[in-house]
Ligand code: EPZ
C-alpha cells in the first residue's frame, strides 16, 4: 500500500484548481441506467471511486470510456446485479438500486457492509422503494428488489439521507404517477442530479429543498452534463491555507456551496476574498479555537469535520466539536494524538485543546476524510510524517500530492511495489 511522506512547517503559496465532485459524479453515473444510450460527462475527477463505479456499470454491460469526457453507453445493459466484491469497496454502489428497479423492474444489489465511520444502513432507501411498490427480499447478503412498475408515493425520510434521496429521486423519475419526497436532502449534489434528470426528460420540482415532487414519465433519454466542483475538496484546501499560515488561490470552484465552512473558518481567523468562481485565502498566524457541530446541508458538512479538527488541534484555546450525522466518525482522533494533538472524545463530541505545535509521526489513514485531516496536520507539523494506507485518500482527492507540491508542500508518494 502506498505511503505519503510529508515534511511539515511550510506556508503554502499559490493556486489550487478544484476538481469535479466525486459525490456528484457517482449518482450521475448511476442515473445512466435510467436511459439506454450514450451519456457524456465533463469535469469528472480521476479517482478510485469513479473507477469503481465504471467497473460496476461495466459489469452490468455498459461501455465506459474516460478521456477528456467520461462517456457511458448503457445500450448493452444485461446484468442487473451489483456484486459484493464491488459494493464492499464503495457504499455508493447502492445508487444503482433505484435506477435498476425503475428501468428494468429488478435489481440484485449486495448490502453494503458497515464502514469506519458507522453502520450506515440503507433501510430508508428500501422503505421508500417498498412504498413505491417494490418487493424487497434480503437473501445471502443481497437486496433483491422487484416491481412490475413502480408507482408514485408520499415518502417522508425519518432521517435526512443524501444517497437515499438520490436513489428515490431516480426511481421516481420513471414511476407511474407523482412521488413526493419529504425531509429530503438539500445537498448541491442532489440538485445537480435533478438537473441531469430533467435534461433526460424527468419532471422534478423542489430539488434543493426538503420537499421534492416528481411526476414519473415513461421514458428518459441520454444527455450530457458537467460535474459540479467538489465542495469538500475546496473546504479541505481552505483549511490547508489556515493550518500552514499560507496564502492560496482556490479556482474553478463554487463558493456558494461552502457558505457554512467559510463562516466557520472566518471565525478561526482565516482571511478570505470570495469571488464568483474562486476563493483567495490566507492564514493570519493565530488560529482561534471555535466550537462546531456538523449538520446536513446547508449546515457544516460532516465530511469537513476531521479536517476542521486538525485545524483546531493548533487553536489558541478549547474547541468543542460535535458529530451529529455519523455515530463514530472519530477514527482520525487517535492518529492526530500521535502527532501531539490533545483531543478527548466524549460520546458524540470531541474536546480539542489547542497545542503549540504538532510533530511529524508515522500515522495510518482509516477513511477518506480522516486521511485528509492527517495530511493537513502533517503540513503544519514539525518534522516528517509518513501516512500509510493512502488508498483511502485516492478515493476522493484527485492528484493531491501534485496539487500540494505545486503550492510549495514537501510531499511525495512512496509506491508499494507489491501494488497492494
Ligand atoms: C453521503 O453518504 C456521502 N456519500 C458521504 O460522503 C457523506 O458523509 C454523507 O452523505 C453525509 O453527508 C456520497 O454522497 C457518495 P447518508 P450517504 O445516507 O448518503 C443514516 C465522503 O466522505 N442512514 O446521508 O451514505 C446513516 O447511517 C462520504 O465522500 C440510515 O440510518 O450518507 C448516517 O448516520 C462519506 N438509513 C445518516 O443517516 C439509511 O437508509 C446520513 O447518512 C440511510 C442513512
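We did not get these values from a lab; they are worked out from the coordinates using the rules stated. No experiment lies behind these values; they were computed from the predicted model shown. When we count neighbours, we look across all protein chains shown, and the Cβ atoms used for this are built from the backbone with ideal geometry, even at glycine.
Assorted remarks:
- For 416, 230, order by how many other beta-carbon atoms lie within 10 Å, fewest first: 416, 230
- Pair-distance profile P(r), taking every C-alpha pair of the chain, with 20 angstrom steps and integer %: 27, 55, 17, 0
- Footprinting exposure proxy for 351, 162, 239 (fewest neighbouring C-beta atoms within 10 Å first): 351, 162, 239
- Here the spin labels are modelled as points 7 Å beyond Cα on the Cα-Cβ line, and at residue 402 and residue 221 they lie 3.7 nm apart.
- Put a dot 7 Å past the Cα of residue 159, heading toward its Cβ, do the same for residue 286, and the two dots end up 4.1 nm apart.
- Cα-based helix-to-principal-axis angle, 22-31 vs the chain, degrees rounded to 10: 10 degrees
- Counting DSSP beta bridges with both ends in the chain, the antiparallel % (nearest 5): 70 percent
- The stretch between residue 384 and residue 259 holds 41.7 nm of extra length on full extension. This uses 0.36 nm per residue minus the Cα-Cα distance.
- The stretch 392-412-the stretch 82-151 distance, computed between alpha-carbon centres (Å): 34 Å
- Anisotropy class of the stretch 22-226 from Cα gyration tensor, a/c 1.5 cut: rounded
- Arranged from fewest to most other beta-carbon atoms within 10 Å of their beta carbon, 353, 231, 275 become 275, 353, 231.
- Of the residues 205, 401, 273, the one that moves most in a GNM of the chain with alpha-carbon contacts below 10 Å is 273.
- Our summary gives the stretch 26-76 a relative contact order of 48 percent, counting only alpha carbon pairs under 8 angstrom and 6 or more residues apart.
- For the stretch 22-226, share of DSSP beta bridges that run antiparallel, in % to the nearest 5: 75 percent
- For the chain, modelled as a GNM whose springs connect Cα atoms under 10 angstrom apart, the maximal fluctuation among 17, 99, 222 occurs at 17.
- Taken over the stretch 196-331, the percentage of Cα pairs per 10 Å bin, counting from 0 up to the bin with the maximum distance, is 11, 34, 28, 16, 8, 2.
- Residues considered: 260, 310, 185. Largest GNM mean-square fluctuation over the chain, using C-alpha springs under 10 Å, is found at 260.
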